[in-house]
Structures are given as C-alpha cells and as structure tokens.
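Trainee: Take a look at this one; I'll ask things after.
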Amino acid sequence: MLLADKVALITGGAGLNGLGFATARMLAEQGARVVILDLERADPAGAAAKLGPQHVGLVADVTDKASCERAAKAAVEQCGRIDILVNNAGITQPRKTGDITGADYDAVLDVSLRGTLYMSQAVLPTMRAAKTGSIVCISSVSAQRGGGILGGPHYSAAKAGVLGLARAMAREFGIDGIRVNCVTPGLIATDINKGLIPDDRMQGILDQIPLNRIGEPADVAGCVVFLASPLAKYCTGITLDVNGGMLIH
C-alpha cells in the first residue's frame, strides 16, 4: 500500500457523494489513517466511521483559524502525526460578475482560499518538525479557463488564488521536505451539480470533452493519492489537470 502508516487530514470530506469523501476512502484503501474535517452539520464522525474504526472525524470550520488549529492539534493527539493534508473544502455560486455581492465574494473566497491558508498554517509546524509532508490543494479548471460550468467569476478567482498560494508554499517549504501541489478537476459528478445542468446543455459540454464523459469523484481521488504518495516524491508546485481533456494547454 502506498500510504501505510501515514496520517491524512482532508477538509470538507464528510459529503458521501463528494470529492472529499471519495478521496478519504481511497487514502484509507492505500493504508492511511484518515482524519475527516467538516462542519458539525455534515457529521464528519459519521463519515469517518464508514471508513473503519481507526479513522477519525473532527468538527472544523476552515474559515476560522482557531478552529483549524484545534483540529490539527486534536489530530496529532489522536493519531500521533500529520503526514498529508488535502485542502478540499470549497463552495461555489452561479453568479454573473455584476451580480456578485460582498457577501457572495466573502463566502466563496473564505472557504476556498482563506480555508486553504488557515489549514495549511495549522499543519505546517508539525510537518516542518518532521521534515516531511505533502499538501494537496483542490483548485478547479475554472481557475485556468476563466470560468467553469456553474461557478461564478468569484469562484474562478478563489480557485486561481489557491493555485498561486500552493505554488508559493511549495517554494517556501521545499527546504523542509514538504511538497505542495494542486489538482484542477473539470466537471465531476457530485451532489454540488446534480440536476443543475439540462440534458441539452450537457450534450454540448460532452462534445467539448475529448473523453466524452464527465468525471467521477474517484478520478480526482486517484490523482490526489498519487500526489500525496512517494510516487510523486519529486513533484512540488505542480498543477495536475483532471478534466478529460476539457482544457488542454
């Protein structure tokens, strides 16, 4: 197994049909002890229990720095170490530029971008002390192509910010043996977009994807596991596209 004896934290991982839980499950299948972080209403403990008794679910709000620090501390207390962080938590909104309010902007950027910073800050001291670690940040094809399928421009901006933040952290913490990389999913079949795309529009989207299908959560999870694992030990600061060819560049 690629991740035997490793401890992996994943934010926003409690949604059973989401990218986070699919990633948590694949991390566990590869031997990692998984700590799922999510809001209380998402029931992270219940999600972790579905992976097995050795896995942990903790309540955490990634927009609150103190909450992130408490979660990281609890993870170390319960699991002894933190080897992997997957910054997965994020939200989207279907807005046009002129319709984005201050509250909309704050909500989307706080979860995706501020949350990535705060959770990374929370785990970095433990990783630096161990002189090893892998941080994988979930961005989006929307950041690369100037808009996705459903998210507004503020979502594109937040996910582009994740790319820049991850690259800067990769430069800063490589000397400490910590790798920081990004995954940029295209359109993936999750609850966040279920039923929101009419059939006629979906066909138009599929016509622009060389693999002629939308992605599955496991497609993204496999790439996260690769970046988190020793198979990618000489990869840092990279962006790994998982979009079926929607964007080839």
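The values are calculated or read from the model by the stated rules, or taken from the named source; none is laboratory data. Predicted model, so just to flag it, every value in this text is computed and none were measured. We place every Cβ from the backbone using ideal geometry, glycine too, and count neighbours over all the protein chains shown.
Trainee: Looking at G174, G164, G195, G146, which one is surrounded by fewer than 15 Cβ atoms within 10 Å (Cβ to Cβ), out of contact with any Phe, Trp or Tyr (no Cβ under 6 Å at 6 or more places or on another chain), modelled with pLDDT of 95 or more and closer than 29 Å to T101 by Cα?
Mentor: G164
Trainee: List the number of the failed condition for A48; all other conditions in (1) closer than 23 Å to P185 by Cα; (2) in a helix (DSSP H, G or I) hold.
Mentor: Among (1) closer than 23 Å to P185 by Cα; (2) in a helix (DSSP H, G or I), A48 violates only (1).
Trainee: Sticking with this one: Condition first: charged (D, E, K, R), farther than 23 Å from I188 by Cα and part of a loop (DSSP other than H, G, I, E, B). Now tell me which residues in the range 64-111 satisfy that.
Mentor: Residues satisfying the conditions are D64, R81, D83.
Trainee: Among (1) within 19 Å of the chain's Cα centre (by Cα); (2) surrounded by 16 or more Cβ atoms within 10 Å (Cβ to Cβ), there is one condition I209 misses while meeting the rest; what is its number?
Mentor: For I209, the exception is condition (1).
Trainee: A further question follows. Could you check, for the range 66-89, whether at least one of its residues is of a type in the set (S, T, Y) and either in contact with a helix residue (DSSP H, G or I) (Cβ under 7 Å, 6 or more places away or on another chain) or surrounded by fewer than 16 Cβ atoms within 10 Å (Cβ to Cβ) (or both)?
Mentor: Checked the range 66-89: no residue is of a type in the set (S, T, Y) and either in contact with a helix residue (DSSP H, G or I) (Cβ under 7 Å, 6 or more places away or on another chain) or surrounded by fewer than 16 Cβ atoms within 10 Å (Cβ to Cβ) (or both).
Trainee: Farther than 23 Å from V183 by Cα, of a type in the set (K, R) and out of contact with any Leu (no Cβ under 6 Å at 6 or more places or on another chain), is that true of R114?
Mentor: In short, no.
Trainee: Which residue pairs have Cβ atoms closer than 7 Å, lie 6 or more positions apart in sequence or on different chains, and pair a first residue in the range 51-72 that is at pLDDT 95 or above with a second residue that is surrounded by fewer than 19 Cβ atoms within 10 Å (Cβ to Cβ) and not in a helix (DSSP H, G or I)?
Mentor: V59/L39; D61/L39
Trainee: Give me the pairs: first residue in the range 14-31 and closer than 16 Å to A45 by Cα and touching a residue at least 60 places away in the same chain (Cβ under 8 Å), second residue among the aromatic types (F, W, Y) and assigned to a helix (DSSP H, G or I), beta-carbon distance under 6 Å, and six or more apart or on different chains, which are they?
Mentor: Pairs found: G15/F21.
Trainee: Looking only at the range 57-89, which residues are among the acidic types (D, E) and closer than 25 Å to L231 by Cα?
Mentor: If the condition is that a residue be among the acidic types (D, E) and closer than 25 Å to L231 by Cα, then D83 is the only one that fits.
Trainee: Same structure again: Taking G31 and the conditions (1) of a type outside the set (K, R); (2) in a helix (DSSP H, G or I); (3) touching a Lys or Arg at 6+ places or on another chain (Cβ under 8 Å), which numbered condition does it fall short on, given that it satisfies the others?
Mentor: So G31 meets the others, but not (2).
Let's see how each residue does on (1) part of a loop (DSSP other than H, G, I, E, B); (2) within 23 Å of I10 (Cα to Cα); (3) of a type in the set (A, V, I, L, M); (4) free of Cβ contacts under 8 Å to residues at least 60 places away in the same chain:
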residue: A157; (1), (2), (3), (4): no, yes, yes, yes
residue: M169; (1), (2), (3), (4): no, yes, yes, yes
residue: G174; (1), (2), (3), (4): no, yes, no, no
residue: R179; (1), (2), (3), (4): no, yes, no, yes
residue: V183; (1), (2), (3), (4): no, yes, yes, yes
residue: T190; (1), (2), (3), (4): yes, yes, no, no
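Trainee: When the residues of the range 112-132 are narrowed to those that are charged (D, E, K, R) and part of a helix (DSSP H, G or I), which ends up nearest to V7 (Cα to Cα)?
Mentor: R128
Trainee: May I ask you to verify whether G151 is crowded, with 20+ Cβ neighbours inside 10 Å and part of a loop (DSSP other than H, G, I, E, B)?
Mentor: Taking the combined requirement at face value, the residue satisfies it.
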